[in-house]
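Here's the structure, in structure tokens; my notes come after.
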Amino acid sequence: MKFILLGAPGAGKGTQAQFLTKKFDIPQISTGDMLRAAIKAETPLGKQAKEFMDAGKLVTDEIIIGLVKDRIAEPDCANGFLLDGFPRTVPQADALKAAGVDIDAIIEIDVPDSEIVNRMAGRRVHPASGRTYHLTYNPPKVEGKDDETGEDLIQRDDDKADVVLDRLKVYHEQTAPLIGYYTDEAAKNASLKYIKVDGTQAIDKVENAILSGLK
Ligand code: AP5
Ligand code: ZN
């Protein structure tokens, strides 16, 4: 299966990706996690991406498209994958289409801006795996520690309140047009499902809504 998770920053894409990748035994391709790993490793890509990410802006389409094309050509993607955070602009969606990638479902997680700020403030992540927690809504078993490794959780640099507002603005300007783009695609193509779920529900309710949409 090949899925795309679409939604605003903090809508719960990473959270639902954890469950979907286990359920369907496919890799998660999170462009945000890939870029954060490149920044940590101080690679040329990381050096280029850091400035954009810290400001809440998008990294250029050219860089991202190359990154994703290389990743989906790897052997573990042969049976499918879940795209989290890509595509995020119309040119990125066009590039995916031009590459002949047949997507089975677009899953849109809908959360209003008012809820997003609260989600970001309480988010904590395990940088090595990308596992995501929330101080109130999804706390780790031991405070400040990852459930599986016991390693420290951190707060993302771009989760500061002022950057969050910039990220939301960028989402509405550049990524939200993909909602219309993919509903139109799904209307023309019977093998592409467009599933919209209410992301303000509890995490397990969102999971159930996605699964019933996929049936
Ligand atoms: P990226 O890492 O993709 O960030 P994002 O899209 O802004 O999304 P987030 O990871 O912030 O949110 P999420 O939807 O995964 O929510 P989560 O599950 O963590 O991108 C970061 C940056 O990289 C971009 O700004 C850009 O610079 C660059 N970039 C990445 N991809 C790019 C691309 N394709 N093109 C160009 N640039 C790109 O949940 C959030 C919090 O809410 C957590 O604490 C979680 O526990 C909690 N939560 C989740 N679900 C629920 C629920 N149902 N109820 C209560 N709490 C919940
Ligand atoms: Zn994420």
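A few remarks follow.
- Residues of the range 114-133 with an amide N closer than 11 Å to a point placed 7 Å from the Cα of Thr200 along the Cα-to-Cβ direction: 114-116.
- Entries of Lys160/Lys193; Lys145/Lys193; Lys57/Lys196 with Cα pairs more than 29 Å apart: Lys160/Lys193; Lys145/Lys193
- Counting only protein heavy atoms and a probe of 1.4 Å, the accessible surface of the chain is 52% carbon and sulfur.
- The chain - share of DSSP beta bridges that are antiparallel (%, nearest 5): 25 percent
- Listed residue (Gly130, Tyr171, Gln201) projecting farthest to the positive dipole end of the chain, Cβ model: Gln201
- Relative compactness, the chain, computed as alpha-carbon Rg over 2.2 N^0.38 Å: 0.97
- A Förster distance of 30 Å, applied to the separation of the beta-carbon atoms of Asp162 and Glu42, puts the FRET efficiency at 0.75.
- Relative contact order of the chain, pairs being alpha-carbon contacts under 8 Å that are 6 or more residues apart, as %: 29 percent
- Residues of type aspartates and glutamates that Lys40 reaches as a straight line, Cα spacing below 14 Å, ignoring anything fewer than 8 places off in the same chain: Glu51, Asp54, Asp157
- Spatial separation of Cα centroids for the range 175-215 and the range 1-70, in angstrom: 19 Å
The values are calculated or read from the model by the stated rules, or taken from the named source; none is laboratory data. Remember, it's a predicted structure, so these values are computed and weren't measured experimentally. Here Cβ is always computed from backbone atoms with ideal geometry, including for glycine, and neighbour counts include all displayed protein chains. Surface areas here come from the heavy atoms of the whole protein model, side chains and all, with no ligands, DNA or RNA. Shrake-Rupley method; radii C 1.70, N 1.55, O 1.52, S 1.80 Å.
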